[in-house]
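Q: Have a look at this one before I ask anything.
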Amino acid sequence: KKADAAFSETNWKLAKQYYSDALTVFESEKYPSDQITLIDAKIKEEEKEKLAENQKNQQFDALLTEGDLLLEDQNFINAKSKYQEAKSLFPERTIVDQKIKHLISLYDQFKAKQKEDSTYNSLVAEADVLFTSKDWLNAKKKYHNALEIKPLESYPKDQLELIATSLKDEAQQSI
């Protein structure tokens, strides 16, 4: 009875001990022997499940690490793919959701910076064309617009100084 109770509680070690004890008393009984065989199979099954779970956890961790490395390289699409793959292994783990939110935030920042850079570069290119054709006033406006986007850039400031010098020179030459 103690062996059956331990068995029903899936306390395999204790149940196996009780069945082994029963076999020493009732050597010819088949039931304790069958139960021991069954317990051994259950133990192996649990070990196999535990191993599979450990492998799944390792795979999950590896996918998160791969995603993190890809994210560092601003490889947003592949990073998100790794995170989603990890989520498919353990949908209930919130760390993946947090990482995806972070990725989206970084991607939005990246896109905004790209747009800012594109607008800035476009304004500077237009200003350079105007500068080359000595259209000082329009070039000046474009360089000022570029500085509004990136106030710390020195190139537009340098060009504005050159424009001021050129305007001063032209004013002196017309006297």
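The values are calculated or read from the model by the stated rules, or taken from the named source; none is laboratory data. Model, not experiment: these values are computed from the prediction. All accessible areas refer to the heavy atoms of the entire protein, side chains included, with ligands and DNA or RNA removed. Shrake-Rupley method; radii C 1.70, N 1.55, O 1.52, S 1.80 Å.
Q: Taking the Cα atoms of segment 4-79, what is the range of coordinates along each of the three principal axes, in descending order and whole Å?
A: Extents along the principal axes: 70, 16, 14 Å.
Q: Cα-Cα over 22 Å: which of Lys16/Lys56; Lys1/Lys48; Lys44/Lys87; Lys56/Lys82?
A: Violating the 22 Å Cα-Cα cut-off are Lys16/Lys56; Lys1/Lys48; Lys44/Lys87.
Q: Further question on the same structure: Please give the helix 12-25 orientation as an angle from the longest Cα principal axis of the chain, in degrees from 0 to 90, rounded to the nearest 10.
A: 10
Q: Work out, in µm²/s and without decimals, the Stokes-Einstein translational diffusion coefficient of segment 1-136 at 20 °C, 1.002 mPa s, Rh from Kirkwood over C-alpha pairs.
A: Estimated via Stokes-Einstein, D reaches 104 µm²/s.
Q: Stokes-Einstein D for segment 84-172 at 20 °C, 1.002 mPa s, Kirkwood Rh over Cα pairs, in µm²/s?
A: Reported coefficient: 135 µm²/s.
Q: Another question, if that's okay. With the other protein chains left in place, how much accessible area per residue, in square angstrom, belongs to segment 49-112 at a 1.4 angstrom probe?
A: About 68 Å² of surface per residue is accessible.
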